[in-house]
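Structure first, then comments.
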Amino acid sequence: MSIKNFYKSLLGLFLLLNLSVSAQPITSQQIDSLVLLTLKTFDVPGMSVGVVKDGKLIHAKGYGVANLRTGKKVDEYTLFGIASNSKSYTAAALGMLVDEGKIKWDDKVTDYIPEFKMYNPYVTEEFTIRDLLTHRSGLGLGAGDLMMFPDGSNFSKKDIIHNLRYLKQVSSFRTKYDYDNNLYIVAGEVVAKASGMSWEDFIEKRIMQPLGFKNSAASVARLKDKTNSIRPHAPVNGKVETIDIDWSETANAAGGIWSNIIDESKWVILQMNHGKYGDSLQNKLFSDEVHEEMWSAQTIIGARAVAPYNTHFAAYGLGWFLSDVKGYKQVTHTGGLAGIVTQVVMIPEINLGIIVFTNQQSGAAFSAVSNTIKDGYLGVKGFDWVKLFAGRVAKGEAAAKKINDEVAATIEAQNKNNKEPFQIEPYIGKYSDQWFGEVEISIKNGKPWLASKRSPKLSGELFPYKGNTLIVRWTDRSMDADAFVIFSTDKDGKPSGIKMNAISPLTDFSFDFQDLDFKRVN
């Protein structure tokens, strides 16, 4: 051995010993205490946590209750909607088809879906399968999500693909990251076209069954046994309550999978084994080349090096977020449905995987748990993530409350100061948006009302705010998504159109009201 190589080996041994001294992996008992504190702090009914280390699931446990109404306990087999963690399965399905020579990452989408069309003709012509997965289309954040969120609306996949042509780009093609769901729906259809089977069948038959998934399914409707599954929960008038599962099956390729810690751990182990599985890793789901492509930066997001992880880069790959933490590569994704949020984190160089599923829409909860577990393996000390995230949540909620209170005060002042009751009659009628369809302004039970024709949950009472701006308060109070309803007028002063914007800064981005442009039709 040369002197140079000797010193390299010595340095490597020193770094390994230093890490082993400073890192004290969190014990299962400590995870138990951490999760119970997290559930209480963020008012989360139930959570399931898995830790994968060196190819083995070393911690798998459920906490709290799956359903506040029944009190049924969460265990490691309890099924959760994993939401956008489904995107990595869609990317892998396409990768498997790349391996089989049925598609290429940079094939044009129109080669498989001729009716695919974006607002800009150039973008349509150049749009590739890779572009479907990388959130760089030029569309705004969550553009068009109202076609499948917040409920099981009646938009078909064919409708969604057709309506993409009406969504205007807000940035130049392939220049900027903006998270998108609808293009993953299109990606699911590419899987179907190239494989000859539905996306759901492909995921279950080509991925879940070979890996030995026992309870998972490609959508909630396909679960064979729902007895051990969670119900989503959300704050309703300040109190966390059980809410309905109201999912649009059209969006399964973007966020439809239901799974548990036991099954999802097999997915994490497969990922860290570069697509290989089995007792001796003798089987292969996808190649090393496909694996590296999925874990390579495709769209730059950007990051600031702040304590404790000193992250210098952040990017999106194919179905995964990529970044560096304390000098290690981190591969991760989150998922969010109404009343459910989830997270998967992998640090491949130390063979660590963390899975956190929750049945309440508090991202702070899963982040507090995963960060604390991660810190133990990275040797990071001195960060109380539960306390830190609780402070951030409180600050965000206070800012949102101030805005909502100011709006409510303005509405109340309008009611007091106006001697004549607000006249809704000039506004009554039907208004249509090219991609979302009709909403109707009417009087319901003596109250001014707005209701969507195609998305039933978007129905609520209207209140006068300022001038031609009204406020809609949705009947379903689990949606923190009340909105400004801004009327435009024609030359005669008659209401002729509507634009909308969410009131609260905490409103989920999938309520993309800002993309709507209604024109009066009668």
(message) Restricting to region 179-197, and then to whatever is under 16 Å from ILE207 (Cα atoms) and assigned to a loop (DSSP other than H, G, I, E, B), can you tell me which residue is nearest to the chain's Cα centre (by Cα)?
(response) MET197
(request) Enumerate the pairs (first residue in region 358-380 and assigned to a helix (DSSP H, G or I); second residue anywhere and hydroxyl-bearing (Ser, Thr, Tyr)) with beta-carbon separation below 7 Å, excluding pairs fewer than 6 apart on the same chain, so at least 6 apart or on different chains. (result) GLY363/THR334; ALA365/THR38; ALA365/THR358; PHE366/THR342; PHE366/THR358; ALA368/THR38; VAL369/THR38
(request) Would you mind telling me which numbered condition in (1) outside any loop (DSSP other than H, G, I, E, B); (2) out of contact with any helix residue (DSSP H, G or I) (no Cβ under 8 Å at 6 or more places or on another chain); (3) crowded, with 16+ Cβ neighbours inside 10 Å LYS176 fails? (result) (1)
(message) Restricting to region 205-229, count the residues that are in contact (Cβ under 8 Å) with a residue 12 or more places away in the chain, under 29 Å from VAL44 (Cβ atoms) and among the charged types (D, E, K, R).
(response) 3
(request) Would you check if there is a residue in region 383-390 being at pLDDT 95 or above and touching an Asp or Glu at 6+ places or on another chain (Cβ under 7 Å)? (result) yes
(request) Looking only at region 426-437, decide whether some residue is in a helix (DSSP H, G or I), modelled with pLDDT under 95, over 26 Å from the mean Cα position of the chain (by Cα) and closer than 22 Å to PHE513 by Cα. (result) no
(request) Using the structure shown, decide if PRO232 is within 22 Å of TRP320 (Cβ to Cβ) and either in contact (Cβ under 8 Å) with a residue 60 or more places away in the chain or hydrophobic (A, V, I, L, M, F, W, C) (or both). (result) no
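Right, GLY353: part of a strand (DSSP E or B), among the small types (Gly, Ala, Ser) and in the same structural domain as ILE262 (by TED's automatic domain parsing) or not?
yes
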(request) For region 469-494, name all the residues that are at pLDDT below 95 and assigned to a strand (DSSP E or B). (result) none
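Which count do you get for residues in region 278-335 that are among the hydroxyl-bearing types (Ser, Thr, Tyr), under 25 Å from ASN260 (Cβ atoms) and in contact (Cβ under 8 Å) with a residue 60 or more places away in the chain? Spell out the reasoning first.
Here is the first cut: in region 278-335, the residues among the hydroxyl-bearing types (Ser, Thr, Tyr) are 280, 287, 296, 299, 309, 311, 316, 323, 328, 332, 334.
If we keep only those that are under 25 Å from ASN260 (Cβ atoms) as well, we get 332, 334.
Remaining after also requiring in contact (Cβ under 8 Å) with a residue 60 or more places away in the chain: 334.
Here the count works out to 1.
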(message) Which residue is surrounded by the most Cβ atoms within 10 Å (Cβ to Cβ), if the candidates are limited to region 318-333 and must be out of contact with any strand residue (DSSP E or B) (no Cβ under 6 Å at 6 or more places or on another chain) and over 15 Å from GLN271 (Cβ atoms)?
(response) VAL325
(message) Going by what's in this entry, would LEU97 be described as more than 13 Å from GLY256 (Cβ to Cβ), in the same structural domain as ASP288 (by TED's automatic domain parsing) and either part of a helix (DSSP H, G or I) or among the aromatic types (Phe, Trp, Tyr) (or both)?
(response) yes
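The values are calculated or read from the model by the stated rules, or taken from the named source; none is laboratory data. On a predicted model such as this, the values are computed, not experimentally measured, just so you know. All Cβ positions, glycine included, derive from the backbone under ideal geometry; neighbour counts span all protein chains shown.
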